[in-house]
Amino acid sequence: MEFNLKKDLCFFDIESTGLSVIRDRIVQIAVVKHLANGKEPQELVLLINPGIPISEEAMAVHGITPKDLANKPSFQQVADKILNFIGDADLAGYNSNRFDVPILMEEFARVGIEWDMSNRRTIDVQRIFYKMEPRTLQAAVRFYCQKEMENAHDALADVQATIDVFRGQLEKYQDQDMIGSDGEVVEKPIVNDMQALHDFTNDSGMIDATQRMKYDRNGVIVFNFGKYMGKPVAEMLVKDQQYYNWMLNKEFSTQVKTLIKKLVKDYEKGQQKG
């Protein structure tokens, strides 16, 4: 199907040093520009030296290393090229409204370019997916059980529907491999084994249910939010008592508050022994 275009449309994707649109930087941008005049699409692909470290998590996803970028231009050096290539085109991407558009806006702003979005339409393909294939219990019953759910939002009806969906998932995926976001194939992860399903449905790297803390690649518990993102929790809280007290008095979960108390206590004991 050909796109019905009144103006050019740029599909684009960005790989970055991390997931923060404010703190992180672009390491790769790819743009495919579909032209309203019907001519062949144009492509622009650039590797960019971000000038800051790339997180281990980001490298695990996109595989771009500092060595790959050592001799590549900075964003400032390619900003005009990107700006001119996109021109006044509309924009499209996958999760682009929440990530790719804002991080590109931040990069332009850092080099003194005010990127005008006022007359530019943005199409987020992920939002089409999520809206047309809603992730609700009713939609799950329809998808896995081929029936309509009755008495939605009655607690017992919801439980029974969840049981039906679970059975449907076990049957549907029992012999199906999963391809991860990094392209890795996981052989038949959905099996009728509760430990295996626990492992599959939980992120082993996260410490608490609200995902405020996680294990880093060395097994150290680090912050997963805020100004100490990626820094060791215990060490930072011992050094910054004001931040520690702030966490204890703000709306963090009981689980988080209990964990940070224990981490600080254990860290201080270790310091005394040392």
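Taking the criterion of being among the hydrophobic types (A, V, I, L, M, F, W, C), touching a helix residue (DSSP H, G or I) at 6+ places or on another chain (Cβ under 9 Å) and farther than 19 Å from PRO66 by Cα, the residues of the stretch 8-32 that qualify are CYS10, PHE11, PHE12, VAL21, ILE22, VAL31.
Suppose we filter the stretch 21-30 for residues that are in contact (Cβ under 8 Å) with a residue 60 or more places away in the chain and either part of a strand (DSSP E or B) or surrounded by 15 or more Cβ atoms within 10 Å (Cβ to Cβ) (or both); how many remain? Of the residues in that region, 5 qualify. Reported count of residues in the stretch 247-274, each being assigned to a helix (DSSP H, G or I) and under 27 Å from the mean Cα position of the chain (by Cα), is 7. For GLN169, the test of being within 28 Å of the chain's Cα centre (by Cα) and either over 22 Å from TYR94 (Cα atoms) or touching a residue at least 24 places away in the same chain (Cβ under 8 Å) (or both) is passed. Look at (1) surrounded by 13 or more Cβ atoms within 10 Å (Cβ to Cβ); (2) not in a helix (DSSP H, G or I) and you find that GLY112 fails only one, number (1). Select, from ILE29, ILE113, the only residue that is within 29 Å of GLY205 (Cα to Cα) and of a type in the set (A, V, I, L, M, F, W, C). When all the criteria are applied, what remains is ILE29.
Hey, any hits in the stretch 143-154 for a residue that's free of Cβ contacts under 8 Å to residues at least 40 places away in the same chain, outside any loop (DSSP other than H, G, I, E, B), out of contact with any Cys (no Cβ under 9 Å at 6 or more places or on another chain) and of a type in the set (Asp, Glu)? No, the stretch 143-154 has no match at all. Summed over the stretch 31-71, the residues that are in contact with a strand residue (DSSP E or B) (Cβ under 6 Å, 6 or more places away or on another chain), exposed (fewer than 15 other Cβ atoms within 10 Å of the Cβ) and among the aliphatic types (A, V, I, L, M) give a count of 1.
When GLU114, GLU106 are screened for being in the same structural domain as ILE48 (by TED's automatic domain parsing), in contact (Cβ under 8 Å) with a residue 60 or more places away in the chain and of a type outside the set (A, V, I, L, M, F, W, C), only GLU106 passes. Residues of the stretch 142-196 that are loosely packed, with under 10 Cβ neighbours inside 10 Å, within 27 Å of HIS62 (Cα to Cα) and polar (S, T, N, Q): SER181 alone. Going residue by residue through the stretch 178-185, is there one that turns out to be touching a residue at least 60 places away in the same chain (Cβ under 8 Å), part of a loop (DSSP other than H, G, I, E, B) and either over 23 Å from the mean Cα position of the chain (by Cα) or under 21 Å from TYR94 (Cβ atoms) (or both)? The answer is yes; a qualifying residue exists. When TYR215 is tested against (1) under 30 Å from LYS257 (Cα atoms); (2) surrounded by fewer than 13 Cβ atoms within 10 Å (Cβ to Cβ), just one condition goes unmet, and that condition is (2). I'd like to know if the stretch 85-100 contains one or more residues that are assigned to a helix (DSSP H, G or I) and over 23 Å from the mean Cα position of the chain (by Cα). Scanning the stretch 85-100, I find at least one residue that is assigned to a helix (DSSP H, G or I) and over 23 Å from the mean Cα position of the chain (by Cα), so the answer is yes. Residue pairs whose Cβ atoms lie under 7 Å apart, separated by 6 or more positions or on different chains, with the first residue in the stretch 56-85 and in the same structural domain as LEU19 (by TED's automatic domain parsing) and the second in a helix (DSSP H, G or I) and of a type in the set (Val, Ile, Thr), do not occur. Contact map, the stretch 220-241: residues that are polar (S, T, N, Q) paired with residues that are not in a strand (DSSP E or B), Cβ distance under 6 Å, separation 6+ or inter-chain. Pairs shown: ASN224/GLN211; ASN224/ARG212. Quick one: would you say LYS81 is at pLDDT 95 or above and either part of a helix (DSSP H, G or I) or touching a Cys at 6+ places or on another chain (Cβ under 6 Å) (or both)? Taking the combined requirement at face value, the residue satisfies it.
The values are calculated or read from the model by the stated rules, or taken from the named source; none is laboratory data. Predicted model, so just to flag it, every value in this text is computed and none were measured. For neighbour counting, all protein chains shown are included, and Cβ atoms are generated from backbone atoms with ideal geometry for every residue, glycine included.
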